[in-house]
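Step one of this worksheet: look at the structure below.
The values are calculated or read from the model by the stated rules, or taken from the named source; none is laboratory data. Computed from a predicted model, the values in this text were never measured in an experiment. We place every Cβ from the backbone using ideal geometry, glycine too, and count neighbours over all the protein chains shown. Heads up: the accessible areas ignore ligands, DNA and RNA and are worked out on the full protein's heavy atoms, side chains in. Shrake-Rupley method; radii C 1.70, N 1.55, O 1.52, S 1.80 Å.
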Amino acid sequence: MHLEPAELAWAAGLFDGEGSTFACARADHPGYYRLDVVVPQHGDTEIPAVLRRFRAAMLGLGSIDGPDALGKYRWR
């Protein structure tokens, strides 16, 4: 895979506007936290193109799940 600077800059902007981060306590390791990084998007019956592009810009890291009951997909 090849890191494309323009796509990485685009992904940074998308994350800045749409993404979120939060720390979650880990029940299996008291005192430890996990950082969750999420970019949500609404879609129809398939993964939104913007999330596929974001994942490609991140060199394939993360996974996309959904849709949930509200039609929301999430890159994590």
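Protein-only accessible surface at a 1.4 angstrom probe places the residues MET58, MET1 in the order MET1, MET58, largest first. When HIS42, HIS2, HIS29 are compared by accessible area of protein heavy atoms, the largest-first order is HIS2, HIS42, HIS29, using a 1.4 Å probe. For the chain, the longest principal axis of the C-alpha atoms and the axis of helix 5-18 are separated by about 60°.
When the accessible area of the chain is split by element with a 1.4 Å probe, what percent falls to carbon and sulfur? For the chain, the apolar C and S fraction of the accessible surface comes to 57 percent.
At a threshold of 8 angstrom on Cα-Cα distance, excluding pairs fewer than six apart, so keeping six or more, what relative contact order does the chain reach in percent?
29
Let me know the charge dipole size of the chain about its Cα centre in debye, to the nearest 20, where only the beta-carbon of Lys, Arg (+1) and Asp, Glu (-1) is charged.
160
For the full complex of protein chains and a 1.4 angstrom probe, list VAL39, VAL50 by accessible area with the highest value first.
VAL50, VAL39
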